[in-house]
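What follows draws every value from the coordinates through simple rules; no lab data is involved. Computed from a prediction, not measured in an experiment: that's the story for all the values here. Because the Cβ atoms are built from the backbone with ideal geometry, glycine has one as well, and the counts that use them run over all protein chains shown.
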């Protein structure tokens with residue numbers, strides 16, 4: 001067993017874990033945060049995407065011991081109380097979810113993309129979302145949602 005401490009959504013979690021425990025299982029089983037979904041277990045689908053130290057990672061591909069000392073943001077960390085984040089509002093406004101299984105990973109990628117790129121085309125959004133798969137929506141609504149969130153994020157920056 002190895003002792004790891006990981007900060008998730010601003011709260012520290014310390015636990016004795018087996019070296020083979022995946023970060024996604026640490027998030028779901030130790031931190032008891034169920035928003036991060038387990039999809040393919042191979043890193044292909046993106047349902048388990050979280051932000052680790054400012055970058056998106058597929059938490060089914062990282063051991064918890066590799067995340068020791070890291071800052072993790074999960075989908076539960078997006079909203080502020082009852083107030084939805086701009087990503088969540090944009091997905092709701094654009095009907096960018098159906099079954100919802102991919103949604104946490106898509107939201108986390110959106111969170112990263114809109115902050116990293118001041119200018120984005122639809123084609124760039126498609127390329128940047130590669131590796132996060134949705135079997136329901138056909139992506140048009142997801143891309144619309146990313147565009148709305150991006151616009152709102154940068155409009156908020158210019159008015160400050």
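So which residue, out of 24, 75, 65, gets the largest mean-square fluctuation from a GNM of the chain using Cα contacts under 10 Å as springs? Maximum among the listed residues: 65. Only helices enter the 222 nm calculation for the chain: every DSSP H run of n ≥ 4 contributes -39,500 (n - 2.57), and dividing by all residues gives -9500 deg cm²/dmol, rounded to 500.
What the Cα convex hull of the stretch 73-160 gives, in volume per residue, is 98 Å³.
Projecting label points 7 angstrom from Cα along Cα→Cβ for residue 42 and residue 136 puts them 2.3 nm apart. Select from 104, 56, 19 the residue whose mean-square fluctuation is largest in a Gaussian network model of the chain (Cα-Cα springs shorter than 10 Å). Taking springs between Cα atoms under 10 Å, the residue moving most is 19.
Angle of helix 140-158 to the longest C-alpha principal axis of the chain, folded into 0 to 90 degrees and rounded to 10: 90°.
Across 61, 98, 147, mean-square fluctuation computed from a Gaussian network of the chain (C-alpha pairs under 10 Å connected) peaks at 98. Relative to the longest principal axis of the Cα atoms of the chain, the long axis of helix 103-116 makes an angle of roughly 70 degrees.
Averaging the Cα positions of each part gives two centres, and for the stretch 54-121 and the stretch 19-37 these lie 16 Å apart. Across the chain, C-alpha contacts under 8 Å between residues 6 or more apart give a mean separation that, scaled by the residue count, equals a relative contact order of 23 percent.
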